[in-house]
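Participant: Just passing along the structure, written as structure tokens.
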Amino acid sequence: MLNFVLFGPPGAGKGTQSEKLIEKYQLIHISTGDLFRAHIKDQSALGQRVSELIANGKLVPDEITIAMLEEEVDKNPDAKGFIFDGFPRTVPQAEALDSFLERKGTSIAGVIALDVDQEELTKRIAQRQLETGRVDDQADKLQKRIEEYFSKTIHVLPYYEGQQKLSKVNGIGKIDDIFAELSAVIDQY
Ligand code: AMP
């Protein structure tokens, strides 16, 4: 199995690039943000539990997120590999992912971080808010998400750097050029 983490702040282009990557490499895409939004839309018990946190740009507790992620992986026993998007977002999530994959006899092959500066992120998210109406893309909620990113999620990078698994890709430019750079990284595995 070939498993990758696509890493980056809100608006870095993880979702856009994941769509292209799964088509090219036939991997299963798991976005914890998409899964939470689906639960909220379906008004499931989990959706009701997390909707306020998400609307306010706060991270969902690790326990809940990890359990949901593991369940989703287990739904795809024949997968060639996974692209994890928006997960892990904390060091305990990264540790849980490592031990979960180890129990399955696999691991994270590489972590690719999309590098995008703050000014560009703010511009992209304002545009996405107009297009999708995502509540957590509104300016005040976005601020909280960015805070969560810089206080908790950023620490995931040194975690993977320590494992020599981290690659950085410039996330600004044409979608196809960024995709070509990402593909070049993946092709090394
Ligand atoms: P995203 O679509 O990845 O930006 O995720 C939207 C929201 O879902 C985040 O702002 C968090 O509230 C929640 N979320 C998604 N993934 C995670 C995660 N790995 N850990 C905690 N909360 C998450």
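Taken together, the values in this text are just the output of simple stated rules run on the coordinates, not laboratory data. Quick caveat, the model's predicted, so the values are computed rather than measured. Every residue, glycine among them, receives a Cβ derived from its backbone with ideal geometry; neighbour counts consider all protein chains shown.
Participant: Before anything else, pin down the relative contact order of the chain: Cα pairs under 8 Å, at least 6 apart, normalised by residue count, whole percent.
Facilitator: On the way: 251 pairs, mean separation 62.4, N = 189.
Relative contact order comes out at 33 percent.
Participant: Among Q143, V185, F87, flag the residue with its Cα farthest along the positive direction of the charge dipole of the chain, charges on Cβ as +1 for Lys/Arg and -1 for Asp/Glu.
Facilitator: So the residue furthest toward the plus end is Q143.
Participant: Hey, how many Å between the Cα centroid of region 67-102 and the Cα centroid of region 31-61?
Facilitator: What the calculation gives is 17 Å, centre to centre.
Participant: What's the Cα-based Rg to Rh of region 23-181, Rh via Kirkwood?
Facilitator: Here Rg/Rh amounts to 0.95.
Participant: Next up: Rounded to the nearest 0.05, what FRET efficiency is calculated for R128 and D177 with R0 set to 22 Å and r the Cβ-Cβ distance?
Facilitator: Here the calculated transfer efficiency is 0.60.
Participant: Given R₀ = 25 Å, what would the calculated FRET efficiency be for Y189 paired with F100, taking r from the Cβ atoms and rounding to 0.05?
Facilitator: It comes to 0.80.
Participant: Hey, any idea what Rg/Rh is for region 1-49, computing Rh the Kirkwood way over Cα pairs?
Facilitator: We get a ratio of 1.05 for region 1-49.
Participant: Are any of the pairs K41/K165; K20/K75; K24/K168; K20/K123; K20/K141 more than 25 Å apart by Cα-Cα distance, and if so, which? Present the calculation step by step, with values, prior to reporting the outcome.
Facilitator: Working: K41/K165 35 Å; K20/K75 22 Å; K24/K168 20 Å; K20/K123 22 Å; K20/K141 28 Å.
Long pairs (Cα-Cα over 25 Å): K41/K165; K20/K141.
Participant: Let me ask another. Helix-only mean residue ellipticity at 222 nm, the chain, DSSP H runs n ≥ 4 weighted -39,500 (n - 2.57), per residue, nearest 500. What is it?
Facilitator: After summing the helix terms and dividing by the residues of the chain, the value is -17500 deg cm²/dmol.
Participant: Using a Cα-Cα cut-off of under 16 Å, which aspartates and glutamates could be cross-linked to K14, ignoring same-chain neighbours fewer than 8 residues away?
Facilitator: Output for K14: E23, D34, D85, D115, D117, E120, D137, D176, D177, E181.
Participant: Between E52 and M1, how high is the FRET efficiency from 1/(1 + (r/R0)^6) when r is the Cβ-Cβ distance and R₀ = 45 Å? Nearest 0.05. Don't jump to the answer; show the numbers that get you there.
Facilitator: Values: r = 36 Å, r/R0 = 0.79.
Step by step, r from the Cβ atoms, then E = 0.80.
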